[in-house]
1. In whole Å, how far is the Cα centre of the range 258-332 from that of the range 192-219?
2. Please give the length that would be gained between S256 and I358 if that part of the chain were fully extended, namely 0.36 nm times their separation in residues minus their C-alpha to C-alpha distance (nm, one decimal).
3. Provide the three semi-axes, in whole Å and in decreasing order, of the ellipsoid equivalent to the range 144-210 as defined by the square roots of 5 times the Cα gyration tensor eigenvalues.
4. Go through T180, T143 and list them by solvent-accessible area, largest first, probe radius 1.4 Å.
5. For the range 245-327, take every pair of Cα atoms, bin their distances at 10 Å starting from 0, and report each bin as a whole percent.
6. Give, in whole angstrom and from largest to smallest, the semi-axes √(5λ) of the equivalent ellipsoid of the range 111-223, with λ running over the eigenvalues of the Cα gyration tensor.
7. Ignoring solvent entirely, what values of log10 I(q)/I(0) come out of the Debye formula for the range 177-288 at 0.10, 0.12, 0.23 Å⁻¹ when each Cα is a single scatterer?
8. Can you list which of the GluC sites (Glu not before Pro) found in the range 349-384 are DSSP loop residues with at most 10 other C-beta atoms within 10 Å?
Amino acid sequence: MTGPEIPSSYLGSPTFLERGSGDAGLPVAQCTSTRRRITFPARSAMGWTCPSRQATFVRRPCQHLQPPTLLPRPYHRVYTRSRVHGGSAQRGWVERFPLYPTALRAFVFFFEYAEEHGYDALLPVRKEPFPPSRVPEFRRISTPSVVCGRALDWAAPFFIMIWAVICLASSAGFRKAELTVRSGASFAARSISRANLVWRFANGDGTFRDVANPSAARLRALRAGDYALVRPPPSKTDQWGTVFGNQFVFLPFDASDPANAAAALRDYELAFPLGGRPRSSVPLFSMDPASLDEPLRASTMDAVMTALFRLIMGASRAACFSFHSFRIGVACALLAAGYSHAAIQAHCRWKTDASIQIYARQNAEMFGERVLTASSQEVSSVVVANFLRDLDLDGDATVTVIDGIADLNAGAADA
């Protein structure tokens, strides 16, 4: 079914978005593109209350845009019911369902904006992956450097703590919000604490023993087969910690891995001893090894990572990376290693497969291998409709040819 043309009343003014959304009782939200700030109508139920802004762009005919092909499926059914029950082709869906033209205007706006500025102006800007294999590059920074007002020294307590955070994030894909406390907030029960870290020691006979607060001597004797177990705190995808917070992240100890998360957490525990304090009362990552009360702030971690990325790749390239690059990097690394989407989703603690489509990006080698493989394959599949079209059932095609010849002979005889 094709729908009605877009009413000209919605296309006659550069401010039709603002006026139209007001008619529909909806606010105008803002969307940031790579070139300019643009506006589009949005549902008030989503809580968007940004002020309206004038959007100027070249207006061109959009008569080819048909609502049923543009809007989500529920609106297709709404439009169909309106037509079946005698609704006006031009007004039935507009007056009875005000959100319908509002959503349509958003589509029209983006089409015209892309036509003027190019589709690349609407591309989302995302950080680049920084895989676990590249993490040791931070330890190889040779020139004397200052990071957040501190001389870079990986043996200093502050940078031992930073290294543990980096290794944990790059190994298990932890979010920055899971490991830090935002500026202005205080350490609370929902924050990740030292109690979220448990140690598992192998007994040598196939069994193991879990220890919540091991001694320094036990930590120094860490060996292959031992694990650091981290319980994720509540996060944006698990607000109450009942889904992912009910499962440990298992980090095996490997002395040969220069960026091993279990080894880094072991070194951090030794450099920041609790001194008898309950593990639940101390942030997992503290700024001061003496008091242990000041948690690692998100702003501090951002500043540290910006400085470190600039030291290993320069300021221009570093702008494409952030703390989130560790999470993207481990997803890409697992995809390159051949792990399934389900395994990657479980590792990174995503609730849906949609995040994998965004963050688990393919390497050139993976795509290129498929291209070369496809070029050497033979294909013999056929759909039934084409099969029946080419098949001469009951001699129909032969009869048609004979009838055609007969008609030609009859015509020649009459002449």
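1. The range 258-332 and the range 192-219 have Cα centres spaced 21 Å from each other.
2. Extra length from S256 to I358 when fully extended: 33.5 nm.
3. Equivalent ellipsoid semi-axes, largest first: 28, 20, 11 Å.
4. Working: T180 20, T143 85 Å².
Output order, biggest surface exposure first: T143, T180.
5. P(r) for the range 245-327, in whole percents per bin: 14, 32, 40, 12, 1.
6. On the way: eigenvalues 288, 89, 64 Å².
Three semi-axes, in Å: 38, 21, 18.
7. Calculated log10 I(q)/I(0) at the listed q: -0.31, -0.44, -1.38.
8. Values: sites: E365, E369, E378; in loops: E378.
Listed in order of number, the matching sites are E378.
The values are calculated or read from the model by the stated rules, or taken from the named source; none is laboratory data. Keep in mind it's a predicted model, so treat the numbers as computed, not measured. No Cβ is skipped: glycine too gets one built from the backbone with ideal geometry, and neighbour counts run over all protein chains shown. In case anyone asks, the SASA skips ligands and DNA or RNA and just uses the protein heavy atoms, side chains included. Shrake-Rupley method; radii C 1.70, N 1.55, O 1.52, S 1.80 Å.
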